[in-house]
Amino acid sequence: MMTAIDGAGGITGAFTRLLAGLGTAAIDEEAATVARQCLLDWIGVSLAGRHEPLVDILVETAREEGGGGHLPLPGRPETLPLTQAVTVTGAMSHALDYDDVHLAMQGHPSVAVIPAAWALALAEGRDGGALIRAIVGGFEIACRTGLLMGPSHYARGWHATGTVGSFGAMAASALLLGLDEHRIAHGFGIAGTQAAGLKAVFGTMSKPLHAGRAAANGLTAARLAARGFTSHPDILGASQGFGDTQSDGLNPAAALAPAPGFMIRDTLFKYHAACYLTHSAIEAVHSLGRIDPDTVRRATVRVDPGHLRVCNIPAPATGLEMKFSLRMTAALALAGEDTAREALFADATAARPDLVRLRDAVTVEPRTAPSSTLSEIEVELADGATCRAAFDVGVPAADLDRQWQRLSAKFLGLARPVLGEARSREVLGRVRELDACTDLGPLARLLTAS
């Protein structure tokens, strides 16, 4: 449980004391459960993204640089040195944009935090409980850093997964390394001066690279700090520091506010293989019931104005661009396509005449509402009838058992083609019992390519 946070000594000092306290704090069962769910989902999307072209390029480049190493890559035969493995697995897990989201962070926490925590836990021989603690702590710092930076950080064009995610990865790594407060503060400084990621590259291979670099930045920062490497001890609050240069106005009150539990509890998971900001519109279409796509005359999607700068590619030409197109994802839903199926998002699908017709019938409009994640859909049919619906995927699941069911089905769908039925179910079982795991090695070996 997070109670009052001491803000003395600057915002980085407050985060430093918070993180140091997490080394021994009790982790409630809901937080531990969601941490296991995040790990399972991360493994699944990593396996699914294992042979994306961007991953092949990163692996080839690492091997050209002499990367032999001993750390395995999910679903692949290669092993790499620690930092290279973290970069690749971070990018791999974000390659399909099918990973989890947290609104406080304004980004994707697992793909920045877990690659660093997973690799370091393996390298250091830590147990499942230590990994859970590292994941919870990494999420806590990433989300509170996102709250500190406020909406202007993302609005300026920074991709919080790459920027804010670096602090989360450092936090997770610091917990696994047992850093004291002095070294944690400098670790934040080292992470902050490396943090980067620009939204202009959305829809390209460079977006997943943000996740890999954030994970590697955080890991490197913690390892350097452990050896006495120095940086600014208040990188978040200092003049010309991270907050000063990358936000229009910091919000320390939000960042340090007490909470009834850990931030990880409010993680949102994807059940459609596209940008999360398209999901409310997809669900709104589904809530209309079955519509004959041939009868759709026009459709209007109304979303928060911020969506227009993230996922509003009007005429996507590739499968990757489809994931960032409100018009195309709405068209897929109207056509009754299974948007949970990753293979649907392909170049050939983007060019299908029936989908192009539906896509061109969709108009996207900005609207204001109490929730930035709520979307509205209005569909006019050929007979003049009009259907309307609204949906908001920004509400965390209340039923964690139901969330296990949905995530298990998603995981098995992603893992079976890679690991087969038996190994996939064994991985699922081991992750669900992660807190009892004394050796992560057997789980890692289950994930390697046969």
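The values are calculated or read from the model by the stated rules, or taken from the named source; none is laboratory data. Worth saying up front: this structure is predicted, and the values here are computed from it rather than measured. Using ideal geometry, Cβ is built from the backbone for each residue, glycine included, and neighbour counts are taken over all protein chains shown.
The table below lists the values:
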read-out	value
Single residue of the range 269-312 satisfying the filter (assigned to a strand (DSSP E or B) and surrounded by 19 or more Cβ atoms within 10 Å (Cβ to Cβ)) that is nearest to the chain's Cα centre (by Cα)	V303
Contacts under 6 angstrom Cβ, first residue in the range 288-312 being under 17 Å from V393 (Cα atoms), partner among the basic types (K, R), 6 or more apart	R302/R367
Qualifying residue in the range 283-294 (condition: of a type in the set (V, I, T) and not assigned by TED's automatic domain parsing to the domain that holds Q106)	yes
Only listed residue being within 29 Å of E65 (Cα to Cα), touching a residue at least 12 places away in the same chain (Cβ under 8 Å) and outside the structural domain of L374 (by TED's automatic domain parsing), chosen from H94, H102	H94
Where a residue in the range 183-198 is in contact (Cβ under 8 Å) with a residue 12 or more places away in the chain and its partner, wherever it lies, is of a type in the set (V, I, T) and surrounded by fewer than 24 Cβ atoms within 10 Å (Cβ to Cβ), with Cβ under 6 Å and at least six apart	H186/T230
Unique match (being within 29 Å of D401 (Cβ to Cβ), in a loop (DSSP other than H, G, I, E, B) and in the same structural domain as H159 (by TED's automatic domain parsing)) among G249, G237, G261	G261
When residues of the range 377-405 are limited to those that are within 26 Å of the chain's Cα centre (by Cα) and of a type in the set (D, E), the one nearest to P366 (Cα to Cα)	D392
Scope the range 9-26; condition of a type in the set (S, T, N, Q) and either assigned to a helix (DSSP H, G or I) or within 16 Å of P258 (Cβ to Cβ) (or both); matching residues	T12, T16
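Quick grid of which residues meet (1) of a type outside the set (A, V, I, L, M, F, W, C); (2) part of a helix (DSSP H, G or I):
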{"residue": "T363", "(1), (2)": "yes, no"}
{"residue": "S372", "(1), (2)": "yes, no"}
{"residue": "E378", "(1), (2)": "yes, no"}
{"residue": "A397", "(1), (2)": "no, no"}
{"residue": "W404", "(1), (2)": "no, yes"}
{"residue": "S408", "(1), (2)": "yes, yes"}
{"residue": "L412", "(1), (2)": "no, yes"}
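One line per residue, one yes/no per condition, for (1) assigned to a helix (DSSP H, G or I); (2) of a type outside the set (S, T, Y); (3) buried (at least 24 other Cβ atoms within 10 Å of the Cβ):
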position	(1), (2), (3)
T33	yes, no, no
W42	yes, yes, yes
L47	yes, yes, yes
L58	yes, yes, yes
R63	yes, yes, no
G69	no, yes, no
T83	yes, no, no
T89	yes, no, yes
